[in-house]
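The values are calculated or read from the model by the stated rules, or taken from the named source; none is laboratory data. Computed from a predicted model, the values in this text were never measured in an experiment. Every residue, glycine as well, gets a Cβ built from its backbone with ideal geometry; the counts of neighbours run over all protein chains shown.
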Amino acid sequence: MLLRPDTLALTVVLALLTALGPLSTDMYLPSLPAIARALGADTARTQLTLSLFLVGFAAGQLIWGPLSDRFGRRPVLLTGLAIFIVATGACALAPSIDWLIAMRALQAFGGSGPIVLARAIVRDLYEGPRAGRELARMGTIMGVVPAVAPILGGVLQAYLDWRASFVFTIAGAVALGAVVIASLPETARSIGTGSVSPRGIFRSFVSLSHHRSFRTYAGLSALAYSGLFAFISGSSFVLQGYYGLGEVAFGFSFSFGVLGFITGTLLARRLAGTRGLDGTIQVGVACLASGGLLMMACVALGLFGPFGLIVPMALYGVGVGLTMPQALAAAMQPFPDRAGAASSLVGVVQMSLAAGVGAVLGLVLEGRALPLPIAVAALGIAAFVLFHTTHRIRAAGA
């Protein structure tokens with residue numbers, strides 16, 4: 001049976017496709033200190049398994065969207081899934097930290113395809129606030145994965161070892177691929193448009209980047225996500241290394257931020273219909289800035305122990321859930337015939353900034369907690385300022 005628009009079944013499948021990234025990252029977070037010990041690596045080098053993952057993600061997003069505009073969503077999506085599955089198997093067998101870093105980058109390269117194409121499929125089928133609500137619905141469902149993944153990863157680490165999380169990820173990706181093959185129809189409005197040569201892709205991205213409102217919404221999405229990624233990349237070292245939480249306790253504490261994200265997507269589904277895309281983002285950036293500042297104050301003053309980090313991150317997560325789906329929908333809205341390329345470029349900007357944030361954080365975090373909330377606060381404030389200084393650009397939509 002083919003999946004149809006405006007059905008929960010289609011939303012669930014698209015949400016799970018976007019969840020591959022969080023699954024392949026969040027499940028192994030509790031194992032980062034164990035990976036460092038097992039493979040003889042320091043914190044900064046182990047952090048590269050996260051930062052280079054985002055580099056691979058950004059590189060993949062350079063091509064998957066334009067390829068899908070040319071050849072269709074289904075074949076390109078399945079190709080990305082196949083690469084993701086093979087690379088995840090290689091991660092499970094990694095004999096050294098360098099091997100793991102390289103295979104994580106390849107895993108991300110393949111895994112970026114389903115995420116880019118799930119967003120493009122939403123743009124194929126829906127427009128405006130309806131697209132924003134669909135992306136928010138997907139975010140609500142997808143949010144369950146990063147809520148559960150660290151807990152499951154902590155259990156797998158406690159009773160097996162760090163390789164088990166990659167084996168579990170393979171099983172999930174294979175099952176999802178079977179559903180796509182059997183049930184997901186082609187949704188591209190026109191196939192064969194656009195060039196897939198490096199020069200043609202570059203020219204397409206340059207054309208998109210000249211659209212000022214596109215740049216604004218892509219920037220909002222990137223800033224919101226980068227603050228979230230700062231927490232993802234640094235929280236295991238701070239909460240386990242600095243505050244002394246165990247693997248399972250870390251998994252549960254990490255879930256606070258994810259529950260905040262789910263709450264934000266639920267609010268977005270209601271607000272988008274009454275306040276529109278920008279009205280929903282306005283509430284979101286206020287939560288981003290407030291959550292970051294509260295976290296920085298709590299950690300700097302030594303208040304509430306690990307809860308001074310965890311609870312403000314839940315508020316920041318609400319902001320991410322309100323901001324990102326609406327910013328993605330608004331960025332792709334003007335480009336119905338280039339939805340794949342637009343989705344790709346948003347992802348490239350998002351992942352490139354997050355990778356840089358993660359790499360810098362890995363260098364300065366060693367044994368300290370304060371750099372993490374400083375990074376989250378700075379990115380949240382930057383999103384707030386960007387939104388409130390670009391009203392004319394967003395209103396013009398050009």
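Does THR323 fit the bill of being of a type in the set (Ser, Thr, Tyr), modelled with pLDDT of 85 or more and surrounded by fewer than 24 Cβ atoms within 10 Å (Cβ to Cβ)? Step through it out loud before you land on a result.
Details: of a type in the set (Ser, Thr, Tyr): yes; modelled with pLDDT of 85 or more: yes; surrounded by fewer than 24 Cβ atoms within 10 Å (Cβ to Cβ): no.
Criteria not met by THR323.
Report, ordered by the first and then the second residue, all pairs with beta carbons closer than 7 Å, sequence separation of six or more or different chains, a first member in the stretch 4-18 that is more than 18 Å from GLY172 (Cβ to Cβ), and a second member that is surrounded by fewer than 13 Cβ atoms within 10 Å (Cβ to Cβ) and among the hydroxyl-bearing types (Ser, Thr, Tyr).
Going by the 7 Å Cβ cut-off, there are no qualifying pairs.
Suppose we filter the stretch 316-338 for residues that are in a helix (DSSP H, G or I) and more than 24 Å from ALA289 (Cβ to Cβ); how many remain?
Going through the stretch 316-338, the residues in a helix (DSSP H, G or I) turn out to be 316-332, 336-338.
Next, from what is left, pick out any that are more than 24 Å from ALA289 (Cβ to Cβ): 332, 336-338.
The qualifying residues number 4.
Restricting to the stretch 57-87, name every residue that is of a type in the set (Lys, Arg) and surrounded by 24 or more Cβ atoms within 10 Å (Cβ to Cβ). Let's see the steps before the verdict.
First, the residues of the stretch 57-87 that are of a type in the set (Lys, Arg): 70, 73-74.
Scanning the stretch 57-87 gives a single hit, ARG73.
Can you confirm whether LEU328 is crowded, with 24+ Cβ neighbours inside 10 Å, closer than 30 Å to ARG130 by Cβ and either of a type outside the set (A, V, I, L, M) or modelled with pLDDT of 90 or more (or both)? Working first, answer last.
Values: crowded, with 24+ Cβ neighbours inside 10 Å: yes; closer than 30 Å to ARG130 by Cβ: yes; either of a type outside the set (A, V, I, L, M) or modelled with pLDDT of 90 or more (or both): no.
The answer is no for LEU328.
I need every pair where a residue in the stretch 334-361 that is under 18 Å from THR187 (Cβ atoms) and modelled with pLDDT of 80 or more has its Cβ under 7 Å from the Cβ of a residue that is surrounded by 24 or more Cβ atoms within 10 Å (Cβ to Cβ) and among the charged types (D, E, K, R), sequence separation at least 6 or different chains.
If the second residue must be surrounded by 24 or more Cβ atoms within 10 Å (Cβ to Cβ) and among the charged types (D, E, K, R), no pairs are left.
When you go through (1) in contact (Cβ under 8 Å) with a residue 60 or more places away in the chain; (2) part of a helix (DSSP H, G or I) one by one for LEU245, which number turns out not to apply?
If we test LEU245 against (1) in contact (Cβ under 8 Å) with a residue 60 or more places away in the chain; (2) part of a helix (DSSP H, G or I), just (2) comes out false.
Test ALA120 against the stated conditions and say whether it is under 16 Å from the mean Cα position of the chain (by Cα), in contact (Cβ under 8 Å) with a residue 12 or more places away in the chain and farther than 21 Å from VAL12 by Cα.
Considered against the rule, which asks whether it is under 16 Å from the mean Cα position of the chain (by Cα), in contact (Cβ under 8 Å) with a residue 12 or more places away in the chain and farther than 21 Å from VAL12 by Cα, ALA120 comes out as no.
Find all pairs meeting these conditions: Cβ atoms under 6 angstrom apart; at least six residues apart or on different chains; first residue within the stretch 202-220 and within 16 Å of GLY65 (Cβ to Cβ); second residue of a type in the set (Val, Ile, Thr) and surrounded by 14 or more Cβ atoms within 10 Å (Cβ to Cβ).
ALA218/VAL346; ALA218/VAL349
Working carefully through the options ALA90, ALA34, ALA94, ALA9, find the one that is out of contact with any strand residue (DSSP E or B) (no Cβ under 8 Å at 6 or more places or on another chain), among the small types (Gly, Ala, Ser) and surrounded by 19 or more Cβ atoms within 10 Å (Cβ to Cβ). First the steps, then the outcome.
On the way: ALA90 fails: surrounded by 19 or more Cβ atoms within 10 Å (Cβ to Cβ); ALA34 fails: surrounded by 19 or more Cβ atoms within 10 Å (Cβ to Cβ); ALA9 fails: surrounded by 19 or more Cβ atoms within 10 Å (Cβ to Cβ).
Checking each option against the conditions leaves just ALA94.
What are the residues in the stretch 321-343 that are among the small types (Gly, Ala, Ser) and farther than 22 Å from ILE393 by Cα, if any? Spell out how you get there, then give the answer.
If we filter the stretch 321-343 for residues that are among the small types (Gly, Ala, Ser), which is where we start, we get 321, 327, 329-331, 339-343.
Residues satisfying the conditions are GLY321, GLY340.
Would you mind finding the one in ALA355, ALA341 that is among the hydrophobic types (A, V, I, L, M, F, W, C), touching an Asp or Glu at 6+ places or on another chain (Cβ under 7 Å) and assigned to a helix (DSSP H, G or I)?
Values: ALA355 fails: touching an Asp or Glu at 6+ places or on another chain (Cβ under 7 Å).
So the residue among ALA355, ALA341 that is among the hydrophobic types (A, V, I, L, M, F, W, C), touching an Asp or Glu at 6+ places or on another chain (Cβ under 7 Å) and assigned to a helix (DSSP H, G or I) is ALA341.
Given the structure, is SER112 closer than 30 Å to PHE205 by Cα and either buried (at least 24 other Cβ atoms within 10 Å of the Cβ) or over 16 Å from the mean Cα position of the chain (by Cα) (or both)?
On the way: closer than 30 Å to PHE205 by Cα: yes; either buried (at least 24 other Cβ atoms within 10 Å of the Cβ) or over 16 Å from the mean Cα position of the chain (by Cα) (or both): yes.
Answer is yes for this residue.
Of the residues that make up the stretch 84-97, is at least one in contact with a Leu (Cβ under 6 Å, 6 or more places away or on another chain), within 18 Å of GLY340 (Cα to Cα), in a helix (DSSP H, G or I) and among the hydrophobic types (A, V, I, L, M, F, W, C)?
no
Could you go through the stretch 293-308 and let me know if any residue there is part of a helix (DSSP H, G or I), within 30 Å of ILE63 (Cβ to Cβ) and in contact with a helix residue (DSSP H, G or I) (Cβ under 6 Å, 6 or more places away or on another chain).
Narrowing the stretch 293-308 to residues part of a helix (DSSP H, G or I): 293-301, 307-308.
With within 30 Å of ILE63 (Cβ to Cβ) added as a condition, the list becomes none.
Within the stretch 293-308, not a single residue is part of a helix (DSSP H, G or I), within 30 Å of ILE63 (Cβ to Cβ) and in contact with a helix residue (DSSP H, G or I) (Cβ under 6 Å, 6 or more places away or on another chain).
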